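Just so you know, all these numbers are worked out from the coordinates, no wet-lab data involved. Note that the structure is a prediction, hence the values are computed from the model and not measured. Positions of Cβ are generated from backbone atoms using ideal geometry, with glycine treated the same way; all protein chains shown enter the neighbour counts.
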C-alpha cells in the first residue's frame, strides 16, 4: 500500500513542477491556445496538460520495472506509444492536423500496443449467453476500432475547464480499485501514478479558490495521451484467463465520453454533416446553454460519470448477466441520443432543474433590486453604490413604471461592465449575496440575479426584469428610466 501511496505522491510532485514551469515557458514562447472559432475561452492559455501526465508516466515506468510488476517489453512499448501520441497531439495543437493523419497515427500506435505490447481484445465477454463472444480474426481490427474510439472520445469531450481531467480521474480511480481487488500490481501502479499526474493537472485547470479561468488546458497532446492510457488499462483489465472485470464493465467505466461522442456524431450525420465537424452541442454545451456555470457543469457530468461507473461495478459484483448489463447500457444510451439529437428538448428541462436548484446563472450580468417607491431610490441605492465604488466597474439603471397602480413600482438594475462572461456571472453571484445582506433591514426588497434578455430602446443597454410578468413587451414599454449611475463615477440624471 505504501508503495502506491509513494507513487501517487511522486507523480503529483513531478507533474506539478513540470506544469508549473511549463506554463511559464509556454506563455513566453507563444505555445498557447488562442480564442477563435468555436472555442469558448477568451484568453490565450497554454495547452501543456499532457506534459504533466507524460512526466508522471515517465517517473513511474522505471519504478514499476524495477519492482518486477511488468515485463520490460510491455513497459517500453507503453512508453513509446505514449510518447508518439503525445507528440502527435502537440503537433495538432500547434498546426491543426486534419482528422485523417490523426486517425492514421492513432491506429498505428494501437497496432503497436496490440502486436508488441500484447494488449488487445480477444473476446467481448458473455454478452449473448453463457459463453464468451470470441473475436477470432477480428481481434486486432476491433481493438484498433475500440482504442481509437476511446482516444477520440476523450478528445472530443474536452470542451470546458476541468471536464476531461475530472472524468479521467474518476475512471482511473475505478481502474485502481479494480486492479487492487484483483491483485494486478502493474495496472494498479500505473493507474495510481496517472491519477497523481491528472490531479496535478486539475490543480492548474479547474476553477477554484477564486480562479475564474484555467491556467493551462489539457490540449490534444493531453487528451490523446490520456485516451490511449485509459484504453490500454481498460483492455488489459478485461482480457485473459485472470481478467479483473468483464469487457462490458469497461464500457460503464468510460460511459459519459463514449455516449457523448457517439451521440454527437449521430446528430451530425443526421443533419447531413461530417461526424468530425465541430459544433457546440456536446453534453457540456447543453448544460451551459441551460445556465449552469462551468464548475457546476463539471460537477454534474462528473456525478453522472461516477454513477455509471458504480452501476457497472455493482452489477458485475452481484453477478448480473452481462447480456442484461449491455441491454441496460444501450437503453440508457438510446435515451441519451434521443435528447442530444434534439437539444431543444433537453435544454428546457435542464433550465428548469437549474431554477429548481436555485443556482446562479452563468448568464447573470448584474443584480436586480426592487421594488420601492420612486422617492426612495437614492436612499435605497446609496449604500449599495458606496460598497461597489472602487471595487468593480458597474452601472446602475433605475426604472419606474408610470402606468402601474402600486406605489412601489420602481426597481434598479446593476450591471457589471466585465467583458468575460464567466467573471461577470461570478461578480453577479457574489454581489447579489452582499447586497442582499446590506439591504436586509430595508423591508421586503427583492434582490436577485439579473440576466440580459432584451434591449431597452431608451438606453441601448440590454435589460431583463427576471419574471414572467415582465417578459410581455407591452409591459416593458411602460417602464421609464429615472436615472443612471455609470461606471461608478458620479450620477447623471435622465428624463423619466
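May I ask you to order 337-346, 243-252 by the average number of other C-beta atoms within 10 Å around their residues, highest value first?
Averaged packing, sorted descending, gives the order 243-252, 337-346.
What ranking do 356, 232 get, fewest neighbouring Cβ atoms within 10 angstrom at the top? Don't jump to the answer; show the numbers that get you there.
Values: 356 8, 232 23.
Ordered by Cβ neighbours within 10 Å, fewest first: 356, 232.
Taking one equal scatterer on every alpha-carbon of the chain, how large is log10 of I(q)/I(0) by Debye at q = 0.07, 0.11 1/Å?
Debye intensities relative to I(0), on a log10 scale: -0.47, -0.94.
Per DSSP helix of 4 or more residues, -39500 (n - 2.57); summed, then divided by the residues of the chain. What does that give at 222 nm, rounded to the nearest 500?
Numbers: 17 runs with 289 residues, N = 496.
Calculated from helices alone, the mean residue ellipticity at 222 nm is -19500 deg cm²/dmol.
Most exposed first by the Cβ proxy, i.e. fewest other Cβ within 10 Å, how do 400, 282 rank? Kindly include the intermediate steps, with their values, before the conclusion.
Numbers: 400 20, 282 24.
The order, fewest Cβ neighbours first, is 400, 282.
When you count, for each residue, the other Cβ atoms within 10 Å and take the mean per peptide, how do 179-187, 292-300 rank with the highest first? List each step's numbers first, then the result.
Details: 179-187: 18.0, 292-300: 20.9.
So the order, starting with the most tightly packed, is 292-300, 179-187.
Where does each of 97, 202, 445 land when they are ranked from fewest to most other beta-carbon atoms within 10 angstrom?
Details: 97 16, 202 22, 445 19.
Final ranking by Cβ density, sparse to dense: 97, 445, 202.
Applying a 10 Å radius around every beta-carbon, put 302-314, 139-151 in order of their mean neighbour count, most first. Don't skip to the answer; put the middle values down first.
Details: 302-314: 17.6, 139-151: 19.7.
Packing order, densest peptide first, comes out as 139-151, 302-314.
Could you give the angle, 0 to 90 degrees to the nearest 10, between helix 139-156's Cα long axis and the longest principal axis of the Cα atoms of the chain?
Approximately 20 degrees, to the nearest ten.
Just to confirm the number: angle between the C-alpha axis of helix 255-270 and the first principal axis of the chain, 0 to 90 degrees, nearest 10?
70 degrees
How far, in degrees from 0 to 90, does helix 294-317 lean away from the longest principal axis of the Cα atoms of the chain, to the nearest 10?
40 degrees
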